[in-house]
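Report on one structure; see the data block that follows.
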Amino acid sequence: MSFIKGLRCRECARSYPPKAIFVCEYCFGSLEVDYDYEAIGKRLTREAIEKRPANLWRYRELLPIDGEPAVGFHTGFTPLFRAERLGRALGMKELYIKDDSVCHPTLSFKDRVVSVALSRAKELGFDTVACASTGNLANAVSSLGAIGGLKRFIFIPADLEMGKVVGSLIYHPRLIAVEGNYDEVNRLCAEIAARYHWAFVNINIRPYYAEGSKTYGFEVAEQLGWKTPDHMVVPAASGSLLVKIWKGFKELHKLGLIDKPRTRLYAAQAEGCSPIVAAIREGSDIIKPVKPKTIAKSLAIGNPADGYYASDAIRETGGWGAAVSDPSVVEAMKLLAQTEGIFTETAGGVTLAAARRLIEEKRIPRDESLVVSITGHGLKTQEAVVDHIGKPIRIKPTLDSFEETMKT
Ligand SMILES: *Cc1c(COP(=O)(O)O)cnc(C)c1O
Ligand SMILES: [Zn+2]
């Protein structure tokens with residue numbers, strides 16, 4: 001049973017059939033999935049959702065597929081928990097972490113978007129999927145594409161971390177390392193997408209792919225007892241996750257599942273690639289593309305596809321943004337590990353460092369609730385921390401040798 005009404009232009013609101021298309025023919029605006037909310041409202045209740053299996057398909061009516069999902073039966077419904085020790089370190093009364101560093105199967109929130117994209121790609125009749133990726137998307141398409149029995153063409157910048165490269169190759173996709181940055185990889189992929197009949201998850205089926213990010217927001221609301229937090233800090237690359245968390249909250253409200261969301265959303269970016277944060281801080285509508293230079297490679301998109309919509313959502317919610325230095329990212333990764341036992345990747349370090357900054361700047365009051373969005377796992381970006389965490393103590397296999405170490 002399908003609740004998809006069609007695709008709709010985000011700019012001029014023209015309608016399109018729900019096929020593998022992504023831009024409006026009239027105004028070149030991007031297309032977004034529209035649903036029959038009245039029909040959804042008749043059957044979707046809190047109780048119905050709570051009885052379903054603990055994966056992202058528990059919100060199936062609000063996801064863009066017609067029939068049964070093809071992949072992602074173990075994806076999503078990751079932990080959300082009160083982070084007492086980190087809260088004390090930051091002087092925050094009510095701090096939560098939503099932890100997608102343990103999302104199944106490839107340890108980042110990209111497993112959500114890809115589960116949705118590939119399920120839709122199969123419905124649309126594709127046998128080959130592809131993507132341009134900063135790393136985590138490559139891992140997710142490689143893995144979930146294998147589960148879905150799809151041919152996979154994966155395009156990445158040639159200088160990615162080893163963990164992201166190995167974490168794709170193990171699934172045996174066709175992995176293509178392009179000598180250029182993400183924005184150049186993406187431009188090449190747009191040309192390839194025009195020539196080959198493939199489902200490019202972040203290009204021609206992007207409207208479906210992007211909807212998967214809503215489930216991160218749905219889960220935050222459900223796991224807080226059908227409430228949204230006062231504040232939420234979200235890492236931004238293309239800006240899509242932030243936009244879709246907000247769309248998700250608004251949908252839950254439209255369906256009567258939560259009160260009107262009053263959450264303020266904040267974008268977290270690295271100083272070396274912060275076009276969205278720059279626009280917010282300058283009060284500008286224009287996203288100025290930049291050439292990325294940061295250790296937070298998964299967020300290194302200099303020309304963000306949803307940058308405008310992200311800054312719009314941030315303004316609508318009364319939020320803000322923070323751009324943080326690479327050393328502060330490493331510090332934040334260590335702080336999260338040493339307080340909450342979570343090893344996050346550089347993107348998580350960016351998010352926590354940005355949250356810390358926003359608290360210090362008094363943008364986020366210490367006595368209000370805050371969710372910090374952790375979106376990926378640290379084993380994938382070991383290069384960023386390996387020189388900043390000390391070394392093992394090497395000894396001979398004797399008691400004497402061990403006791404020598406006790407003296408230092
Ligand atoms: C891709 C990614 C993001 C940001 O995603 P966008 O939706 O493009 O803004 C955040 N965190 C991690 C770990 C990612 O891989
Ligand atoms: Zn249009």
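Odds and ends about this structure:
- Other-chain or far-sequence residues with amide H under 5 Å of A83's (modelled H): L95, Y96, I97
- Area of H388 that stays accessible when all protein chains are in place (1.4 Å probe, Å², to 10): 100 Å²
- Each Lys and Arg adds +1 at its Cβ and each Asp and Glu adds -1 at its Cβ; summed about the Cα centre, the chain shows a dipole of about 420 debye.
- Phi to ³J(HN,Hα) by Karplus 6.51 cos²θ - 1.76 cosθ + 1.60 over the range 7-17, Hz, x for Gly, Pro: 9, 9, 5, 5, 9, 9, 6, 5, 9, 9, x
- Partners for K396 among lysines (Cα-Cα distance below 20 Å; same-chain residues under 8 apart left out): K407
- Estimated at 0.36 nm per residue, the fully extended path between H197 and L124 surpasses their Cα-Cα distance by 25.1 nm.
- Between amide H atoms placed 1.01 Å from N, distances below 5 Å from I374 occur with K98, D100, all of them 5 or more places distant or on a separate chain.
- Between E84 and K288, residue separation times 0.36 nm minus the direct Cα-Cα distance comes to 69.6 nm.
- Nearest-ten-degree value, helix 214-223 long axis tilted from longest Cα axis of the chain: 70 degrees
- Taking a ≥ b ≥ c as the square roots of the eigenvalues of the Cα gyration tensor, the range 192-264 is classed as prolate, since a/c reaches at least 1.5 and a/b is larger than b/c.
- Backbone HN-Hα couplings from phi across the range 387-395 [Karplus 6.51/-1.76/1.60, Hz, Gly and Pro as x]: 8, 10, 10, x, 10, x, 8, 8, 9
- Among P17, P304, P229, residue whose mean-square fluctuation peaks in a GNM of the chain (springs only between Cα atoms under 10 Å): P17
- The H on the amide N of G321, modeled in the peptide plane, is under 5 Å from the matching H of A267, each at least 5 residues off or on a different chain.
- Extended-chain gain in nm, criterion 0.36 nm per residue less alpha-carbon gap, K93 and K254: 55.0 nm
- Converting phi to 3J(HN,Hα) with the Karplus coefficients 6.51, -1.76 and 1.60 and the offset θ = phi - 60°, the range 50-58 yields 4, 7, 7, x, 7, 9, 5, 6, 5 Hz in sequence order, with x at every glycine or proline.
- Ranked from largest to smallest solvent-accessible area, with a 1.4 Å probe on the protein heavy atoms, S133, S284 come out as S284, S133.
- Straight-distance crosslink candidates among lysines, where the alpha carbon sits under 26 Å from K291 and sequence neighbours closer than 8 are dropped: K110, K164, K244, K380
- As a rough guide to protection, the peptides 392-403, 75-86, 92-103 ranked by mean Cβ packing within 10 Å, highest first, stand as 92-103, 75-86, 392-403.
- Of R174, R206, R363, R58, the residue with the largest accessible area leads and the full order is R174, R363, R206, R58 (1.4 Å probe).
- Cα long-axis angle, helix 307-317 against the chain (0 to 90 degrees, to the nearest 10): 80 degrees
- Cα-based helix-to-principal-axis angle, 240-254 vs the chain, degrees rounded to 10: 60 degrees
- Inter-site label distance for R43 and L224 at 7 Å from Cα along Cβ, in nm: 2.9 nm
- Listed residues L137, L299, L188, most fluctuating in the chain (Gaussian network, C-alpha, under 10 Å): L188
- Just checking the listed ones, T134, T45, T375: in the Gaussian network model of the chain with Cα springs under 10 Å, the one fluctuating most is T45.
The values are calculated or read from the model by the stated rules, or taken from the named source; none is laboratory data. Remember, it's a predicted structure, so these values are computed and weren't measured experimentally. As a convention, Cβ positions derive from the backbone with ideal geometry for all residues, glycine included, and neighbour counts pool all protein chains shown. Just so you know, the surface numbers come from the protein's heavy atoms only, side chains and all, with ligands and any DNA or RNA stripped out. Shrake-Rupley method; radii C 1.70, N 1.55, O 1.52, S 1.80 Å.
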